[in-house]
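First the structure, then my questions, so here it is.
Each reported figure results from applying straightforward, stated rules to the coordinates on display, with no laboratory input. Here the structure is a predicted model, which means the values were calculated and not measured. Here Cβ is always computed from backbone atoms with ideal geometry, including for glycine, and neighbour counts include all displayed protein chains.
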Amino acid sequence: MLRFSTAGESHGESLIALVSGMPAGVPIDQNYVNRELWRRQQGYGRGGRMRIEQDSVHILSGVRHGHTIGSPIAIEIANRDWKNWTDILPVEAGDPEKHKAVASPRPGHADLAGALKYDFAEARYVLERASARESTARVAAGALAKLLLKELGIDVLSHVIRVGSTELQREAQWDEIVALYNKEEVMLGCVDADTEAKMKAEVDKALLTKDTIGGVFEVIVHGAPAGIGTYANWDERLDGALAQAVMSIQAIKAVEIGRGVTAAASLGSAVHDAIGYAAEGEAHGHTRFTRERNNAGGIEGGISNGEDVIVRGYLKPISTLRQPLASVRFDTREETKAAYERSDVCVVPAAGVVAESMVALAFARLLLEKSGGDSLRELKRNYDGYLEQIRKF
């Protein structure tokens, strides 16, 4: 089974990703992984931390001569900001006078709930692990899953469809999303220039008022075959795995598969994707079964149906405000303003990149469970045999 975990704190020495279950023989391009980390740092509305960190991976194990070797892969990403926090957050006892407390919890953040759960006197340790800085390690792990999927002809990308009240009013085409990925300058990750300009104006307004702003991104698994996931058990459904993976990202408050939100307010005849069958010699993706639309987001009954898998994440505004909301001091319980830590105004494009990684990891895990293989060659043999089976269906 493909598994991963992360370790590290926001202002600690480094972040760690540990990935196990990758077949041997998968080519690993470190430049590709580093560009994924770069993509996570981009976007209009990012804060000062992005000017400090220049994330790159240091692969410690599991990859030799440019290929996976079947053993666990350990990745380190150094925090350049650590030099400013060495005496504040030492591993050893250190000097308590140098500690930088989070004196009052921020509404919307994990500060208060985490302090209550772990019996902390204040929220510094909560902030350090709950911070979205942790998602850097997820992107590194997800890049490996994306490289594996690419070997099978499957790509995972994202784009932004809403910032604040400004929403993309049309379907994005796959080639537009690829063009967005290839850009060397990232604004708000929207495929439509006019809509993106309006999104930018919303971010500017939030910046002027010392506020933050959220939005919606869409992740697409392009080239996904039918048959990944199952209806047989509740915890093996593809839609459930994807929803949990995306919901686990910091600040995500809702997940949608396909047109799930609008479907809830529609009649069945307007929602379900009618099925056709292509002429002999023609194919639609990996099968001859066709759909004129994809409201289901490529998943029916917990199983991929051969259409692109589409997942949307709804991101709340970042909790740290430059004009803080009301809070209470941890030490005296007196009313005060919430603590402020250096933060962003808008992170919707970056969240989309993190979600790509989580979707890729979840999808690759279920694909490996179906097709198996300790090596890439064995996996491809099994996978190609399955594709041949569904082509002939």
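How big is the gap, in Å, between the Cα center of the stretch 322-388 and the Cα center of the stretch 1-47?
After rounding, the separation between the Cα centres reads 11 Å.
Then there's this: Can you tell me the order of 210-222, 181-193 when each peptide is scored by its average per-residue count of other Cβ atoms within 10 angstrom, highest first?
210-222, 181-193
Determine the distance separating the Cα centre of the stretch 160-188 from the Cα centre of the stretch 119-134; give it in Å without decimals.
33
Expressed in whole Å with the largest first, what are the equivalent ellipsoid semi-axes of the chain derived from the C-alpha gyration tensor as the square root of 5 times each eigenvalue?
38, 26, 18
Still on this structure, I have one more. If the reach is capped at under 22 angstrom between alpha carbons, list the lysines near LYS198, excluding any in the same chain fewer than eight residues apart.
Of all the lysines, those that pass the test against LYS198 - Cα under 22 Å, at least 8 places apart if same chain - are LYS183, LYS210, LYS316.
Dipole of the chain (Lys/Arg Cβ +1, Asp/Glu Cβ -1, origin at the Cα centre): which of SER10, VAL261, ILE220 lies farthest to the positive side?
Most positive-ward Cα: SER10.
Exactly which GluC sites (Glu not before Pro) in the stretch 221-287 are in a DSSP loop and have at most 13 other Cβ atoms within 10 Å?
GLU280, GLU282
Counting other Cβ atoms within 10 Å, which trypsin sites (Lys or Arg not before Pro) in the stretch 29-106 have at most 15 and lie in a DSSP loop?
Hits after loop and neighbour filter: LYS100.
Between the stretch 230-247 and the stretch 195-213, what is the C-alpha centre distance in whole Å?
Their Cα centres are 35 Å away from one another.
While we're on this one: For the chain, what is the mean residue ellipticity at 222 nm derived from helices alone (per DSSP H run of n ≥ 4: -39500 (n - 2.57); sum divided by total residues; nearest 500 deg cm²/dmol)?
-10000 deg cm²/dmol
Sticking with this structure for a sec: Mind pulling the angle between the C-alpha long axis of helix 30-41 and the longest principal axis of the chain? Nearest 10 degrees, somewhere in 0 to 90.
Around 60 degrees separate the two axes.
Counting only residues 5 or more places away or on other chains, whose amide H sits under 5 Å from the amide H of VAL191 once H atoms are built in the peptide plane?
Result for VAL191 returns VAL160.
Step through the residues of the stretch 102-109 one at a time and calculate ³J(HN,Hα) from phi using the Karplus curve (6.51 cos²θ - 1.76 cosθ + 1.60, θ = phi - 60°), rounding each to whole Hz and writing x for Gly and Pro.
Result, ordered by residue: 9, 6, 9, x, 8, x, x, 9 Hz.
Enumerate the calculated ³J(HN,Hα) couplings along the stretch 229-234 in order (Karplus 6.51 cos²θ - 1.76 cosθ + 1.60, θ = phi - 60°), each rounded to whole Hz, writing x wherever the residue is Gly or Pro.
These are the phi-based 3J(HN,Hα) values: x, 7, 8, 5, 9, 4 Hz.
Now for a different question. For the stretch 301-332, run through the trypsin sites (Lys or Arg not before Pro) and keep only the ones in DSSP coil with at most 16 other Cβ atoms within 10 Å of their Cβ. Please list the in-between numbers first.
Working: sites: ARG312, ARG322, ARG329; in loops: ARG322, ARG329.
Answer by residue number: ARG322, ARG329.
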